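To start, the structure under review is shown below, and the notes come after it.
The values are calculated or read from the model by the stated rules, or taken from the named source; none is laboratory data. It should be emphasised that the depicted structure is a prediction, and the values quoted were computed from it without experimental measurement. Positions of Cβ are generated from backbone atoms using ideal geometry, with glycine treated the same way; all protein chains shown enter the neighbour counts. Ligands, DNA and RNA are stripped out before the accessible areas are found, and what is left, the full protein with its side chains, is counted by its heavy atoms. Shrake-Rupley method; radii C 1.70, N 1.55, O 1.52, S 1.80 Å.
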Amino acid sequence: MTKFNRRQTLGLMGAAAATSLAAPALAQNRKAVVGAMSLTSHSGSFIALQRGYFEQAGLDVELKFFEAAQPMAVAIASGDVDFGVTAITGGLINLAQKGAVTVIGGALSEEPGIDGQMYLASDKAFQDGLTSIEGLAGRRFGVTTAGSSFHYMGAKAAMHAGVDAPEFVPLQKVGAIVGALKSGQVDAWAIVPHIAKALAGSPEVHAIGMVADVVPNYQVTTVFTSQKNAGNERGLTESFLKGFGMGVSDYNATMVDKTNGDEAIQEMVKIIHQYVYSDREFEKAAPSIINGSMRLNEGAALNTASVADQLAWMQSEGLISNDITLDTFVDTSYVETIDA
C-alpha cells in the first residue's frame with residue numbers, strides 16, 4: 001500500500017470519491033447492519049443512508065445504535081453488526097487478537113484550525129482550581145471503560161502537562177458521564193464539540209483545553225468490520241466503504257469546508273437531526289450540530305501513525321499484550337494510509 005502524507009491523501013481521496021459515483025456496485029441487494037452512535041462524527045453513515053449512497057453501492061443498510069465503543073466491537077465480533085465506526089479501544093484490539101475484528105479505515109480526525117474535542121471541568125472542580133489540564137493530577141476523570149478513547153485522551157493530557165494521571169472513573173455510557181460531570185461527581189472529561197460546546201455554555205461545566213493541542217492529528221474514530229468480512233467478503237466491504245465515503249465527502253464539503261452554501265447546510269443538518277439530538281426541536285438542535293462539525297477522513301483514509309501511538313499507549317498501560325502489532329488489528333489493503 002502506497003503511503004502519502006496527510007495533505008496528499010486528503011486531496012486524492014476527494015478525487016476518488018467523485019470518481020466512485022460512476023463505478024459499478026460491487027454488491028447487489030446485500031443486507032448490511034452498520035453500528036453507529038448518536039454523534040455528529042457518525043454523519044457519514046447517516047448521509048450515505050438517507051441520500052441513497054449505500055443503495056447505489058448495492059447495499060440494504062440498517063443502522064444499529066450503541067452508547068459506547070466497546071459494545072459495538074463485541075457486536076461486530078458476534079456477527080450482529082457487519083461494519084462499525086467508533087474509537088479504537090483495548091477491547092477492540094483484544095478481539096482482533098482473537099481473530100474477530102479488524103480496522104479497515106479512518107473516520108473522525110482532529111485537524112489544525114478546526115474546533116475539535118475539548119477537555120471539560122465540572123464547575124465544582126473549576127472553582128477548586130481545575131482551570132487547565134495542568135490541574136488534572138488526582139482529579140476524577142470520566143471514561144466509559146478502561147482503554148477507551150476517553151481514557152487515552154485523559155492520560156495524554158496529563159502526560160502533555162507533565163503531571164500525574166487523574167483517577168479514571170468508568171461509567172459505561174456517554175449520558176452517564178454527562179450527568180456525573182454536571183453534578184460534580186467527576187471532575188473532568190473530554191468529548192466531541194457538539195456535546196462539549198453545549199456543556200461549556202452551561203453554568204455547570206467549563207472548557208479547560210483542546211484535545212488537538214495535546215494529540216495533533218489524532219485519529220479519533222476508525223471504520224472496522226469482522227476479519228471474516230475483510231478477508232472473505234471483499235465485494236461487500238468495498239461496497240460499504242464506497243457508500244460511506246460518498247456520505248463523508250458530502251459532509252466535509254457542506255459542514256466543514258462550507259463550499260455548498262447555507263441552504264445545503266440546513267438540508268444536511270435536517271438529515272443529521274434525525275439521529276443526533278432528535279429529542280430536541282430542530283431550531284434548538286441545529287446550532288449544536290453545526291458547531292460540532294469536524295473533519296471526516298476522505299475515502300476513509302487511515303492515519304496509521306496516530307493508531308500506532310494509541311497502540312503504544314495501551315501497551316504501556318498494560319491494557320493489551322506487548323506482542324500485538326498494527327498488523328494484528330489493521331488491514332491496510334482497503335484504503336490509503338496517512339503516516340503523519
| request: Count, please, the residues in the stretch 173-200 that happen to be more than 17 Å from the chain's Cα centre (by Cα) and in a loop (DSSP other than H, G, I, E, B). | output: 4
| task | Please find, within the stretch 122-131, the residue that is farthest from F54 (Cα to Cα) out of those that are outside any helix (DSSP H, G or I) and open to solvent by less than 10 Å² (accessible area, probe 1.4 Å). | result | L130
| message | So, G113, is that one part of a loop (DSSP other than H, G, I, E, B), open to solvent by less than 10 Å² (accessible area, probe 1.4 Å) and out of contact with any Cys (no Cβ under 6 Å at 6 or more places or on another chain) or not? | response | no
| request: Having 3 or more residues that are farther than 24 Å from L319 by Cβ and in contact (Cβ under 8 Å) with a residue 24 or more places away in the chain is the bar; report the strands (runs of 3 or more DSSP E) wholly within the stretch 54-107 that clear it. | output: 59-65
| So how many residues does the stretch 204-236 have that are open to solvent by less than 20 Å² (accessible area, probe 1.4 Å) and within 17 Å of D80 (Cα to Cα)? | 7
| note | Considering the stretch 46-58, residues that are hydrophobic (A, V, I, L, M, F, W, C) and open to solvent by less than 10 Å² (accessible area, probe 1.4 Å), and then whichever is nearest to the chain's Cα centre (by Cα), we arrive at F46
| Listed residues T259, T254, T225; which is under 24 Å from G99 (Cβ atoms) and in the same structural domain as L59 (by TED's automatic domain parsing)? | T225
| query | Any residue in the stretch 135-149 that is crowded, with 16+ Cβ neighbours inside 10 Å, in a helix (DSSP H, G or I) and outside the structural domain of W313 (by TED's automatic domain parsing)? | reply | yes
| note | Note: among A196, A190, just one is buried (at least 24 other Cβ atoms within 10 Å of the Cβ) and at pLDDT below 95, namely A196
| Y119 passes all but one of (1) under 24 Å from the mean Cα position of the chain (by Cα); (2) open to solvent by 40 Å² or more (accessible area, probe 1.4 Å); (3) not polar (S, T, N, Q); which number fails? | (2)
| In the stretch 274-291, residue modelled with the lowest pLDDT [restricted to those that are more than 28 Å from T237 (Cβ to Cβ) and open to solvent by less than 30 Å² (accessible area, probe 1.4 Å)] | S288
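Results for (1) assigned by TED's automatic domain parsing to the domain that holds A200; (2) of a type in the set (A, V, I, L, M); (3) not in a helix (DSSP H, G or I), shown as yes or no for each residue.
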| position | (1), (2), (3) |
| --- | --- |
| G247 | no, no, no |
| M268 | no, yes, no |
| I271 | no, yes, no |
| E283 | no, no, no |
| I289 | no, yes, no |
| S333 | no, no, yes |
| task | Specify which of the listed residues (L296, L319) is open to solvent by 10 Å² or more (accessible area, probe 1.4 Å) and in contact with a helix residue (DSSP H, G or I) (Cβ under 8 Å, 6 or more places away or on another chain). | result | L319
